[in-house]
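Please treat every number below as a calculation from the coordinates, not as lab data. Please read all numbers here as calculations on a predicted model, not as lab measurements. For neighbour counting, all protein chains shown are included, and Cβ atoms are generated from backbone atoms with ideal geometry for every residue, glycine included.
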Amino acid sequence: EKLGIIQPITVRKMKENEFQLISGERRLRAAQLINLEKIPAFIRIANDQEMLEMALVENIQRENLNPIEIALSYQRLIKEIKLTQEECSERVGKKRSTITNYLRLLKLPEIVQKALINGTITNGHARSLISIKSEKSQVNLCHDIIANGYSVREVEQLAKEFSDKKYKRTSKTKNTPNPLPFLQQKMRHSLSKDLKTSIKIERNINGKGKLIIPFNSDKDFERIIEILNK
């Protein structure tokens, strides 16, 4: 099967045979995954700062970016274009506090950032974790958010309580190959509570899977069906 034409990425020529990516990180990543040796690219000169700034600002405006991608774009505007947070705020039309909050996400441990990228925790969860001083506690609570479906409000309360204390992980340490997105984790937690049984959701990387509702006896089965029919 032939692939269609990929929209060109944009790069800056730094020196002979060396280029810096300006925009198109996802397209480049996708091409690498399928082992494409060549993809089209727009090449800009190394001192074209205005073009780089435009590309970064345009990238931030995209609706499908995850919080870490947005934070990295803000970081590049500040470091590479040498903007202050106030100037960055003016360029992208966002409050300075919004930019500060995104940049703080980059201080979280890598495993927490990956959970945010994958959608297994939300931006609200991640922002709450920032207030916990211990990185190990941040990681432990992150695992429990995913496993137990904690709400943002619940995590805010835990973060206040364990800001200066060690938080020990309560969920099992076994790693699942395809962790459930947070909304599905929350749904599983809610259903288990309503049905008074441990609901299981099996899901592959493409989102296909099944919902498993265990029961202990015929009477327990009838009880669950009665609840579902309400």
Legend entry - Angle in degrees between helix 96-105 and the longest Cα principal axis of the chain, rounded to the nearest 10: 70 degrees
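Give, as a single signed number, the net charge of other residues whose beta carbon lies under 11 Å from the beta carbon of residue 92, with Lys and Arg counted +1 and Asp and Glu -1.
Combined, the nearby Lys, Arg, Asp and Glu give 0.
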Inset, instruction - Consider just the alpha-carbon atoms of region 104-151 and return their Rg together with their Dmax, both in angstrom. - result: 9.2, 25
Legend entry - All-pairs alpha carbon distance profile, the chain, 5 Å steps from 0, percent: 1, 6, 11, 13, 13, 13, 12, 10, 8, 6, 3, 2, 1, 1, 0
Inset, instruction - Put one equal scatterer on each alpha carbon of region 15-127, apply the Debye formula with no solvent term, and list log10 I(q)/I(0) at q = 0.09, 0.16, 0.20 1/Å to two decimals. - result: -0.28, -0.85, -1.18
Inset, instruction - Identify the trypsin sites (Lys or Arg not before Pro) of region 4-38 meeting these criteria: DSSP loop state and at most 12 other C-beta atoms within 10 Å of the C-beta. - result: 38
Inset, instruction - Assuming R0 = 45 Å, can you tell me the calculated FRET efficiency for the pair residue 153 and residue 86, based on Cβ-Cβ distance, to the nearest 0.05? - result: 0.90
Inset, instruction - Report the relative contact order of the chain, percent, no decimals, based on alpha-carbon pairs under 8 angstrom and at least 6 residues apart. - result: 11 percent
Inset, instruction - Could you work out how far apart the two model spin labels at residue 25 and residue 203 are, taking each label as a point 7 Å from the Cα in the direction of the beta carbon, and quote it in nm? - result: 2.3 nm
Legend entry - Residues residue 118 and residue 213, FRET efficiency given R0 of 22 Å [Cβ-Cβ distance, rounded to 0.05]: 0.30
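Quick one: of the DSSP bridges fully inside the chain, what percent are antiparallel, nearest 5?
Values: 9 of 13 bridges.
Here the share of antiparallel DSSP bridges comes out near 70 percent.
Just subtract the alpha-carbon distance of residue 225 and residue 36 from 0.36 nm times their residue separation and send over the number in nm, one decimal. Show your work: numbers first, answer last.
Values: separation 189, 0.36 × 189 = 68.04 nm, distance 5.14 nm.
Once the chain is fully extended between residue 225 and residue 36, it gains 62.9 nm.
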Legend entry - Mean projected area (nm²) of the alpha-carbon convex hull when region 58-182 is viewed from all directions: 8.1 nm²
